[in-house]
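The values are calculated or read from the model by the stated rules, or taken from the named source; none is laboratory data. All figures in this text were calculated on a predicted structure; none of them were measured in a lab. Cβ placement follows ideal geometry from the backbone for every residue including glycine, while neighbour counts extend to all protein chains displayed.
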Amino acid sequence: MKKIDSLDKLIATVKKTENIPTLPKVLTKISEEIDNDNFSIKNIGDLMSRDVSLSARILKIVNSPFYGFPQRIYSINHAIVLLGANVLKSIVISTSVFTAMEEAMTGLSEHSLFCAFASKHIAQEINKNIKKTGETGKLKSNEKQKQQQTVDPDNMFAVGLLHDIGKIIIATTFKEDFKTILETARKEEKPLEKVEHEILNISHDQLGYMLVKEWNLPSAIYIPIKYHHNPTLADDFKKETAILNIADFLTRAMGVGFSGSAYLEKINTDSMNILEINIDFIKSAIEEIYLYKDELNIFD
Ligand SMILES: [Fe+2]
Ligand SMILES: [Fe+2]
């Protein structure tokens with residue numbers, strides 16, 4: 001078993017392997033089109049319609065109870081108009097990495113999807129709290145203004161879905177080491193990222209950050225991924241990182257899917273402080289998030 005002694009070497013190894021999930025060409029094109037400030041719905045619709053399975057999946061997702069649109073959506077162009085660029089982009093990314101996740105580790109796709117549901121749900125609840133305090137208090141300082149900024153729930157859906165993507169790199173590039181990591185985490189009852197560090201000198205949160213950056217996704221996605229096990233270290237997107245941290249914790253605590261280790265730490269109080277939430281918030285979030293268990297098949 002080789003320890004990775006330099007990040008450069010690791011990046012080189014990762015880049016050499018053919019197993020790294022890449023965004024299919026059509027997705028890269030769609031993503032580029034969306035990033036374009038004056039993107040055209042028609043262009044995106046055309047690109048998507050060329051990929052039959054992608055269009056079918058998108059229509060299935062937008063027609064799922066999770067999105068809860070009152071009328072049925074029959075065409076991709078209609079979906080784009082209703083959902084907007086951000087949601088669309090997160091769905092596009094999600095559909096492409098889902099199979100790779102399923103192949104990397106049994107339970108990882110369920111863990112990631114449920115974490116995405118939980119992240120989006122918590123973001124919406126946090127936004128409601130922000131609105132309430134905004135209406136009642138006169139908040140002036142910079143710090144308070146930052147605290148008043150809402151988070152984008154659909155961005156949080158993408159963040160939740162991709163947060164453990166680094167595990168795919170370990171599972172495919174360092175197959176034998178990954179087995180040892182899982183086995184050690186199980187025997188020694190340790191969090192996975194700790195064991196990854198002991199064995200590889202790097203952990204999935206850092207690797208995921210690298211991969212997502214490589215795909216040219218925005219910092220609102222890669223920063224929370226980078227710090228999802230240490231939210232206080234994030235300088236930007238602190239709230240997003242704390243939401244992801246809590247959503248990941250709740251997903252594991254509720255036993256949905258498998259994230260690589262049965263170890264469960266205590267809830268991160270730093271994340272709760274960043275979000276200014278208490279245990280009652282967590283309790284009602286659990287009750288509401290639980291209902292999403294029935295939606296885990298939206299990518300099937
Ligand atoms: Fe993680
Ligand atoms: Fe996770």
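Within the stretch 254-272, can you find the residues that are assigned to a helix (DSSP H, G or I) and more than 14 Å from ligand 1 (Cβ to nearest atom)? Break it down stepwise before answering.
Of the stretch 254-272, the ones assigned to a helix (DSSP H, G or I) are 269-272.
Answer for the stretch 254-272, where residues must be assigned to a helix (DSSP H, G or I) and more than 14 Å from ligand 1 (Cβ to nearest atom): 269, 270, 272.
Here are 168, 181: which of them is within 16 Å of ligand 2 (Cβ to nearest atom) and more than 14 Å from residue 112 (Cβ to Cβ)?
Details: 168 fails: more than 14 Å from residue 112 (Cβ to Cβ).
Going through 168, 181 in turn, just one is within 16 Å of ligand 2 (Cβ to nearest atom) and more than 14 Å from residue 112 (Cβ to Cβ): 181.
For residue 224, work out the one condition from (1) of a type outside the set (Ser, Thr, Tyr); (2) modelled with pLDDT under 95; (3) within 21 Å of residue 122 (Cβ to Cβ) it doesn't fulfil.
Residue 224 satisfies all of (1) of a type outside the set (Ser, Thr, Tyr); (2) modelled with pLDDT under 95; (3) within 21 Å of residue 122 (Cβ to Cβ) except (2).
Does residue 293 meet the test of being within 29 Å of residue 173 (Cβ to Cβ), basic (Lys, Arg) and in contact (Cβ under 8 Å) with a residue 12 or more places away in the chain?
When the stated conditions are applied, residue 293 does not pass them.
Do we find a residue being under 16 Å from the mean Cα position of the chain (by Cα) and among the aliphatic types (A, V, I, L, M) anywhere in the stretch 129-146?
So far as the stretch 129-146 goes, no, none of its residues is under 16 Å from the mean Cα position of the chain (by Cα) and among the aliphatic types (A, V, I, L, M).
Among the listed residues 266, 283, 293, identify the single one that is closer than 23 Å to residue 189 by Cα and out of contact with any Pro (no Cβ under 7 Å at 6 or more places or on another chain). Give the steps one after another, and end with the answer.
Values: 283 fails: closer than 23 Å to residue 189 by Cα; 293 fails: closer than 23 Å to residue 189 by Cα.
Just one listed residue meets the conditions, 266.
Count, please, the residues in the stretch 185-233 that happen to be within 16 Å of ligand 2 (Cβ to nearest atom) and of a type in the set (Gly, Ala, Ser).
Within the stretch 185-233, residues that are within 16 Å of ligand 2 (Cβ to nearest atom) and of a type in the set (Gly, Ala, Ser) number 3.
Residues that are within 26 Å of residue 114 (Cβ to Cβ), in contact (Cβ under 8 Å) with a residue 24 or more places away in the chain, surrounded by 16 or more Cβ atoms within 10 Å (Cβ to Cβ) and small (Gly, Ala, Ser): does the stretch 60-83 have at least one?
No: the stretch 60-83 contains no residue that is within 26 Å of residue 114 (Cβ to Cβ), in contact (Cβ under 8 Å) with a residue 24 or more places away in the chain, surrounded by 16 or more Cβ atoms within 10 Å (Cβ to Cβ) and small (Gly, Ala, Ser).
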